[in-house]
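Enquirer: I am attaching a structure below and will ask some questions about it afterwards.
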Amino acid sequence: MPKIKLAENTIQLILNICTEFENKESELINVLHKVQNKLGYLPAEVQEVIAKGLNCSVAKVYGVVTFYSFFTMIPQGEFPISICMGTACYVRGAEQVLAEFKRQLQVEVGESTEDGKFSINCLRCVGACGLAPVVTVGEKVFGRVAPSEVKKIIAEYREGCRDDSKTA
Amino acid sequence: MDTVNLTIDNKPVVVKEGITILEAASGIGIDIPTLCHMKLDDLNIENKPGGCRICVVEVNGRRNLAPACCTNVHDGMEINTHSMRVINARRTVMELILSDHPFDCLICAKSGNCDLQDMAHKLGIREIRYKGEQSTYREDTSPAINREIDKCIMCRRCETMCNEVQTVGVLSAINRGFESVVSPAFEMNLDHSVCTYCGQCVAVCPTGALTEVDETGKVIRALSDPSKTVIVQTAPAVRAALGEEFDMEAGTLVTGKLVAALRRLGFDHIFDTDFAADLTIMEEGTELLNRLGKHLAGDKDVKLPILTSCCPAWVKFFEHQFPEMMDIPSTARSPQQMFGAIAKTYFADKLGIKREDLVVVSIMPCVAKKYECGRDEFKTNDNPDVDHAITTRELAALIKLSNIDFKSLPNEDFDNPLGESTGAAVIFGTTGGVIEAAVRTAYEVHTKKELPRLDFEELRGMEGIREATIDFDGLPIKIGIAHGLGNARKLLEDIQAGKSKFHAIEIMSCPGGCIGGGGQPYHHGNVEVLKKRQVAIYQEDKNKAIRKSHENPHIVKLYEEFLGEPMSEKAHHLLHTSYFDRT
């Protein structure tokens, strides 16, 4: 993994979050949650700062990060796509939906597209089994997704960003 | 203290409340088998994850079996430790553990000393009914420790030692489920981590997952090379433990047999690290008195306390974790390295040979010594002062390999000049020993009076942190002692916070000091073994005719012929060192 040099204000942001949780080692999971929420992912350098902030070993931080599937060390795309692999979604064809997303975007699960726009992840049940199979993009939920609709969903976001760049 | 009544295997027992089933059973001689659990009583070390489930017992009225190591007793409990249900469960658990363990016992470094192998034997496992995927993980080697994680059973003992006891924080369980392993952060190799190579993970690993780097082959090669003169030094703690490898009672002193065995192995000169320990006291003791004198005279640049620097794991620990305090430890090299430096100059000159033709082997209770002798500052023209450091265990293997019947060997003496030593040097092998040896010399040098007594009971013991005040003829010298790096950390944090009241502090990385070193015969969780070794070390001190380092005649001669005086320019060059920020 290439070494990243964290910006001074990123380091300060992480340390502030640690302070918010009173620099307690027992708050490690909460700190990781909040930091990932701010930065999108938890690269090694970020974990080192958290270890310093909570006065615990970086091995321990890494142990927790690798234990919970929610935490990721890989940068997420601007539009993180999650395909539900829970039982209901699975039996209604989530696997084919996933395969179509991988084919369209040419990335594997856990990876991001080269332009950084999209990343694919799997998750287990968002509690919308009646809409199976379910796909989420960012905060938005798509229900009863068929493989044939995948292209359209991707285009919706791709065009969305093209529009954004025009207005910007 | 409240007590509870219960029965274990139909035996009525009255025990105090709050203890575990395992402890209650052990009190009446029932030895419930355990695998992950480990408790070293007097050292306050306990690993109790309740993970392996080998110690399950049946409790009447309870639906599921109870893990004895982490289930407390209560009044009226009826416990069965060997019912059919219990035995079946234990065997099933064992078979499941073995179904994901390599079957290379015949060639495993831990064979014969493996807790997992012993347990499979004890439980009479004759087949494994579960076949499935086996976890595989790359091997990781470093200057001192090998990791073969395929053999890990996730008992977490190494994690307890690395994090709670030593506070080094290198090892942690990572990943989840079948993928989980014990590893440094980001799965980096050990030699990229802040590992100190103290070897306490190796000392407690129940399987062959963590072992020392085996250097016996290099020693055999050197011994069979006719162009080399091969000399050997043996650390103080080795003589108090080596016998255990040959089924002798723990605490049996085998100094004479050790020397005889080394001679039969073919070493040209059998020397003693104790000689260099006496030399260490001359240098470190002088440094202590110098710093103390300047400090008392009001020199603000001179810092106290002075910390001992004999232990390579401790040195690496503060280089990684307290780099801003690198000016506090003594600059004196460890006895192993002082020996090497003198051997490859003074002694090589005496023999009239080049340093490249002299091979120095050391026998150490320690795995960090392997790393220490490879440090660049201890080399001249790329030739190390100490060529190979092997552990007590590796020496035992060499002796067995060479068909030597250790128990029937006669007692023999070390060679001169580097084999002469005092009682002060012997006690370097236990916590409290280095500072007691320093006190014996520093007192007499400072006061110019003879010590009224040589045994400083107030400096001895197994408490993790100890302190004592020694009266230097009207000058009270405050001394601190810590063994185990977690305890050392506490004293260091006090110094950092300006709260330390000590003039001098002795630090040893391993619990118990070198007698409990990572290279010693495995104690298998029995703290009595360490205590007996400690008794043996003090006995050896008492047996010595000379018990103060500055009275060692060969040390006096070494200064007259070669070094001049303690802290001289030559002594500085050969016997002192500097430290490096490793953050």
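Derivation of every value follows stated rules applied to the coordinates shown; laboratory data play no part. It should be emphasised that the depicted structure is a prediction, and the values quoted were computed from it without experimental measurement. Every residue, glycine among them, receives a Cβ derived from its backbone with ideal geometry; neighbour counts consider all protein chains shown.
Enquirer: Quick one: among A:129, A:84, A:18, which has the greatest mean-square fluctuation in a GNM of chain A with alpha-carbon springs under 10 angstrom?
Expert: Its mean-square fluctuation being the largest, the pick is A:129.
Enquirer: Rounded, prolate or oblate: which one fits region A:8-67, using the alpha carbon gyration tensor with axes a ≥ b ≥ c (rounded when a/c is under 1.5, else prolate when a/b beats b/c, else oblate)?
Expert: Since a/c stays below 1.5, the shape of region A:8-67 is classed as rounded.
Enquirer: Using a cut-off of under 12 Å, list every residue of region A:68-108 whose amide N is near the label point 7 Å from the Cα of residue A:123 along the Cα-to-beta-carbon line.
Expert: A:70-71, A:80-86
Enquirer: Stretch residue B:136-residue B:62 to full length: gain in nm at 0.36 nm per residue minus the Cα-Cα span?
Expert: Roughly 22.9 nm would be gained on extension.
Enquirer: So for the protein assembly as shown: antiparallel DSSP bridges make up what percent, rounded to the nearest 5?
Expert: Bridges in the protein assembly as shown that DSSP calls antiparallel: roughly 55 percent.
Enquirer: Between A:21, A:67, A:79, where does the largest GNM mean-square fluctuation fall for chain A, given springs only between Cα atoms within less than 10 Å?
Expert: Largest GNM mean-square fluctuation: A:67.
Enquirer: Report, ordered by chain and residue number, the lysines lying within cross-link reach of residue A:102, taken as a straight Cα distance under 24 Å and ignoring same-chain residues fewer than 8 apart.
Expert: Within the straight-line cut-off, residue A:102 pairs with A:117, A:140, A:151, A:152.
Enquirer: Under a straight-distance cross-link criterion of Cα-Cα below 19 Å, which aspartates and glutamates are reachable from residue B:449, leaving out those fewer than 8 residues away in the same chain?
Expert: B:436, B:471, B:473, B:551
Enquirer: Taking a label point 7 Å from the Cα of residue B:129 along the Cα→Cβ vector, which residues of region B:69-102 have an amide N closer than 17 Å to it?
Expert: Only B:84-100 pass the distance filter.
Enquirer: Per residue of B:163-171, what is the mean number of Cβ atoms on other protein chains within 10 angstrom of that residue's Cβ?
Expert: Mean shielding by partner chains, rounded to a whole number: 2.
Enquirer: Now, a different point. Could you state the orientation-averaged shadow area of the convex hull built on the Cα atoms of chain B, in nm² to one decimal?
Expert: The number I arrive at for chain B is 28.8 nm².
Enquirer: Continuing with this model, one more query. So for the pair residue B:111, residue B:501, with labels modelled 7 Å out along Cα→Cβ, what separation do we get in nm?
Expert: 5.7 nm
Enquirer: Multiply the residue separation of residue B:10 and residue B:448 by 0.36 nm, subtract the distance between their alpha-carbon atoms, and state the gained length in nm to one decimal.
Expert: The span from residue B:10 to residue B:448 would gain 150.9 nm if fully extended.
Enquirer: Here is a further query. In nm, to one decimal, how far is the residue B:380 label point from the residue B:99 one, both placed 7 Å along Cα→Cβ?
Expert: For residue B:380 paired with residue B:99, the spin-label model returns 6.1 nm.
Enquirer: Under 5 Å between amide H atoms, partner at least 5 residues away or on a different chain: which partners does residue B:8 have, H built in plane at 1.01 Å?
Expert: When sequence neighbours closer than 5 places are left aside, the close amide H contacts are B:13, B:79.
Enquirer: Taking each residue of B:184-196 in turn, how many C-beta atoms of other protein chains fall within 10 Å of its C-beta, and what is the average?
Expert: 3
Enquirer: Another question, if that's okay. Give B:39/B:131; B:257/B:544; A:24/A:52; B:218/B:344; B:218/B:570; B:303/B:379 a once-over and call out the pairs whose C-alpha atoms are over 22 Å from each other.
Expert: In this structure, B:39/B:131; B:218/B:570; B:303/B:379 exceed 22 Å between Cα atoms.
Enquirer: Assuming a viscosity of 0.692 mPa s and a temperature of 37 °C, what translational diffusion coefficient in µm² per second does Stokes-Einstein assign to region B:374-513, Rh being the Kirkwood radius over Cα pairs?
Expert: In µm²/s, the coefficient is 179.
Enquirer: Related question: Against the longest principal axis of chain B, how steep is helix B:312-321, in degrees 0 to 90 to the nearest 10, with axes from Cα atoms?
Expert: Approximately 80 degrees, to the nearest 10.
Enquirer: Here's a follow-up. Using the eigenvalues of the Cα gyration tensor, what equivalent ellipsoid semi-axes result for chain A when each is taken as the square root of five times the eigenvalue, whole Å, largest first?
Expert: Equivalent ellipsoid of chain A: 32, 19, 13 Å, largest first.
Enquirer: Now for a different question. Which one, A:61, B:464, B:72, projects farthest toward the positive side of the charge dipole computed for the protein assembly as shown from Cβ point charges (K/R +1, D/E -1)?
Expert: Highest projection toward the positive end goes to B:72.
Enquirer: Give me the percent of Cα-Cα pairs in region B:204-351 that sit more than 20 Å apart, rounded to a whole number.
Expert: 65 percent
Enquirer: Mind checking the dipole of the protein assembly as shown: about its Cα centre, +1 per Lys or Arg Cβ, -1 per Asp or Glu Cβ, Debye to the nearest 20?
Expert: 1640 debye
Enquirer: Expressed in whole Å with the largest first, what are the equivalent ellipsoid semi-axes of region B:102-247 derived from the C-alpha gyration tensor as the square root of 5 times each eigenvalue?
Expert: Calculated on Cα positions only, the semi-axes equal 29, 22, 16 Å.
Enquirer: Something else: Treating the angle as unsigned and between 0 and 90°, give the value, to the nearest 10°, between the Cα long axis of helix B:527-543 and the longest Cα principal axis of chain B.
Expert: Tilt of helix B:527-543: around 20 degrees.
Enquirer: Oh, and also: So if we plug the beta-carbon distance of residue A:7 and residue B:74 into 1/(1 + (r/R0)^6) with R0 = 41 Å, what FRET efficiency do we get, rounded to 0.05?
Expert: Rounded to the nearest 0.05, the efficiency is 0.10.
Enquirer: Moving on. What ³J(HN,Hα) values, in whole Hz, does the Karplus curve 6.51 cos²θ - 1.76 cosθ + 1.60 give for region B:466-479 when θ = phi - 60°, with x put for Gly and Pro?
Expert: Running phi through 6.51 cos²θ - 1.76 cosθ + 1.60 with θ = phi - 60° gives 10, 9, 7, 10, 10, 7, 8, 6, x, 9, x, 9, 8, 10 Hz.
Enquirer: Continuing with this model, one more query. Evaluate the Kirkwood expression for the hydrodynamic radius of the protein assembly as shown, namely the inverse of the mean inverse distance over all pairs of different C-alpha atoms, and round to one decimal in Å.
Expert: 29.1 Å
Enquirer: Output the 0 to 90 degree angle, nearest 10, between the alpha-carbon long axis of helix B:433-447 and the longest principal axis computed from the alpha carbons of chain B.
Expert: Tilt of helix B:433-447: around 30 degrees.
Enquirer: Give the shape of region B:283-326 as rounded, prolate or oblate, defined through the alpha-carbon gyration tensor: a ≥ b ≥ c are the square roots of its eigenvalues, a/c under 1.5 means rounded, and otherwise the shape is prolate if a/b is larger than b/c and oblate if not.
Expert: oblate
Enquirer: Does a label point 7 Å from the Cα of residue B:178, set along Cα-to-beta-carbon, have any residues of region B:110-143 with amide nitrogen under 14 Å, and which are they?
Expert: Within reach of a label on residue B:178: B:131-137.
Enquirer: Would you calculate the separation in nanometres between label points at residue A:146 and residue A:106, each defined as 7 Å from the Cα along the Cα-to-beta-carbon direction?
Expert: Using points 7 Å along Cα→Cβ, the separation is 2.8 nm.
Enquirer: Just to be sure I understand: of the beta bridges DSSP finds with both ends in region A:79-167, what percent are antiparallel, rounded to 5?
Expert: Roughly 55 percent of the beta bridges in region A:79-167 run antiparallel, per DSSP.
Enquirer: So if R0 is 41 Å, what FRET efficiency would residue B:581 and residue B:249 give, r being the distance between their Cβ atoms, rounded to the nearest 0.05?
Expert: 0.35
Enquirer: Which of the aspartates and glutamates could a cross-linker bridge to residue A:34, judged by Cα under 12 Å and excluding same-chain residues fewer than eight apart?
Expert: Candidates past the 8-residue exclusion: A:20.
Enquirer: Also, quick follow-up: Rounded to the nearest 5, what % of the DSSP beta bridges within chain B are antiparallel ones?
Expert: 60 percent
Enquirer: Over region B:3-122, how many percent of alpha carbon pairs lie in each 5 Å bin up to the one with the longest distance?
Expert: Taking every Cα pair in region B:3-122, the percentages come to 2, 11, 20, 22, 18, 13, 8, 4, 2, 0.
Enquirer: Related question: With the convex hull built on the Cα atoms of region A:79-167, state its orientation-averaged projected area in nm².
Expert: Hull-based average projected area comes out at 5.3 nm².
Enquirer: Over all directions, what mean area does the Cα convex hull of region B:313-451 project, stated in square nanometres?
Expert: 11.9 nm²
Enquirer: Then there is this: How much length is gained if the chain between residue B:220 and residue B:573 is pulled fully straight, taking 0.36 nm per residue apart and subtracting their Cα-Cα distance, in nm to one decimal?
Expert: 123.9 nm
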